[in-house]
Amino acid sequence: MTLLASPQAPTLASELTLATKGPADVLRGTGDLGVVVERATGSLALVNTSDREIINHIEGLGDLSHASVKFSRDERYAFVFGRDGGLTKVDLLTGRITQRIIQSGNSIGGAISQDGRYIAVANYEPGGVKIFSSDDLTLVADIPTTYEDKNGETQRSKTVGLVDVPGNDFVVSLFDAGEIWTLDMTGKKPGIERYRDIGEKPYDALISPNGRYYIAGLFGEDGLAKLDLWHPEKGVERILPDYGRGEKRLPVYKMPHLEGWAIAGDHAYFPAVGRHEVLMANTADWSLEKRIPVHGQPVFVMSRPDERQIWVNFAHPDNDVVQVIDTRSGEIVKTLEPGKSVLHMEFTPRGEQVWISARDSDHIKVYDTETFEELATLPAESPSGIFFTDRAHKIGL
């Protein structure tokens with residue numbers, strides 16, 4: 001997005017000082033911007049991916065120990081979901097917070113609707129989903145995720161894996177209840193469809209790039225739960241149910257993240273829970289085709305935009321390493337050591353670079369994804385999540 005002078009915004013150019021390196025009348029597009037979460041200081045580093053530089057730091061965002069970010073469809077605003085229940089709207093052009101609310105006791109992430117009107121937040125405490133207007137963060141709907149436990153008592157479940165899907169809907173998993181809910185936002189009130197008994201303890205979920213398949217990972221058992229949103233009448237199907245049969249699971253130091261899953265060609269790549277493996281499934285029938293041994297327990301398994309490579313980072317104590325899998329051979333072709341405690345990776349929109357956060361080294365490494373050459377090292381305070389504005393135009397991101 002590029003801002004143009006208009007009678008409705010006579011002071012806008014003067015507000016851009018923080019977001020530019022030059023005079024206040026220099027305007028900036030948002031297509032090469034992004035943010036890096038600085039979890040130790042409750043701040044965001046505003047970055048330019050073309051220049052590979054940090055523009056400034058935006059402070060006052062609370063507890064960012066498990067933060068995620070979504071972007072408005074015009075790429076101007078970032079919506080930051082904090083672990084303290086904070087929901088913060090940040091103007092990327094002025095480098096300022098425009099609104100901030102505390103909407104729950106403990107939240108785990110969120111999503112923005114297809115039309116950009118709604119911001120949904122998944123909450124641990126109390127369990128449920130809250131939906132807000134993206135304009136001013138006013139509450140639109142409060143949806144408690146209640147279920148009946150084994151004793152017949154009504155409980156509220158933690159919510160995870162909240163994503164947007166086509167049709168202005170949201171889909172979310174209920175960790176304690178073992179359910180998936182779809183939330184239809186086309187009417188005056190959210191329409192709720194419940195899918196019960198999907199498996200034990202869904203811990204995270206993903207949506208396929210075309211918005212068809214919602215897949216929840218299961219922590220309490222092997223396998224994943226798949227909902228075909230083109231044919232919801234078929235219900236939830238279990239896939240990869242036996243990938244760890246007969247094997248002992250290792251202690252899990254950090255839960256895998258499915259949002260950064262990888263689809264490349266006719267295959268999907270998933271992190272295996274409690275194992276040093278990446279699972280490769282055939283998307284024609286979702287059968288397990290290969291188990292790829294890797295350095296540690298995978299956390300993020302991410303596809304380069306052209307689908308030629310899969311980049312993998314790992315849980316403690318093996319989290320100083322990133323490995324690259326070539327999708328043509330299914331083999332590891334590169335092992336990198338970007339720094340201590342690698343937490344996240346993000347590709348530039350066309351995939352020529354990858355940015356990697358190393359929390360305990362207080363820096364971000366930028367690599368050329370073709371040559372693996374290190375292009376830059378940027379200082380940051382305990383960096384974790386990295387989010388670029390092109391996510392605004394991708395389903396589920």
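Read-outs throughout are calculated quantities, based only on the coordinates presented, and are distinct from any laboratory measurement. Owing to the predicted nature of the structure, the values given are computational and were not obtained by experimental measurement. Cβ atoms come from the backbone with ideal geometry, glycine included; neighbour counts cover every protein chain shown.
Computed quantities for the displayed model
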item: Ranked Thr41, Thr348, Thr146, criterion: other C-beta atoms within 10 Å, fewest first; result: Thr146, Thr41, Thr348
item: Positive-end residue of Pro256, Leu288, Ala120, charge dipole of the chain with Cβ unit charges; result: Ala120
item: Reference-scaled alpha-carbon Rg (2.2 N^0.38 Å with N residues) for the range 103-253; result: 1.05
item: Two-site label geometry, Thr371 and Thr154: point separation in nm, points 7 Å out along Cα→Cβ; result: 6.4 nm
item: Net charge of Cβ neighbours under 15 Å - reference Thr283; Lys, Arg +1; Asp, Glu -1; result: -3
item: 15 Å cut-off, amide nitrogen to a point 7 angstrom out along Glu237 Cα→Cβ, residues in the range 181-210; result: 208
item: For the range 91-101, Karplus couplings with θ = phi - 60° (6.51, -1.76, 1.60), whole Hz, Gly/Pro x; result: 8, 6, 7, 8, x, 10, 6, 9, 8, 8, 9
item: Label selected from (1) 25.0; (2) 19.4; (3) 21.3, the criterion being mean projected area of the Cα convex hull in nm² as computed here; result: (2)
item: Cα-Cα over 27 Å, subset of Lys158/Lys340; Lys130/Lys226; Lys201/Lys340; Lys150/Lys188; Lys89/Lys226; Lys89/Lys188; result: Lys158/Lys340; Lys201/Lys340; Lys150/Lys188; Lys89/Lys226
item: Value of relative contact order over the chain, rounded to a whole percent, pairs C-alpha under 8 Å and six or more apart; result: 11 percent
item: Cα gyration tensor category, rounded, prolate or oblate, for the range 58-132 with a/c compared to 1.5; result: oblate
item: Sorted by Cβ neighbour density within 10 Å, fewest at the top, the residues Leu343, Leu224; result: Leu343, Leu224
item: Cβ charges +1 (Lys, Arg) and -1 (Asp, Glu), total dipole of the chain, debye; result: 380 debye
item: Relative contact order (%) - the range 103-253, alpha-carbon pairs under 8 angstrom, separation at least six; result: 13 percent
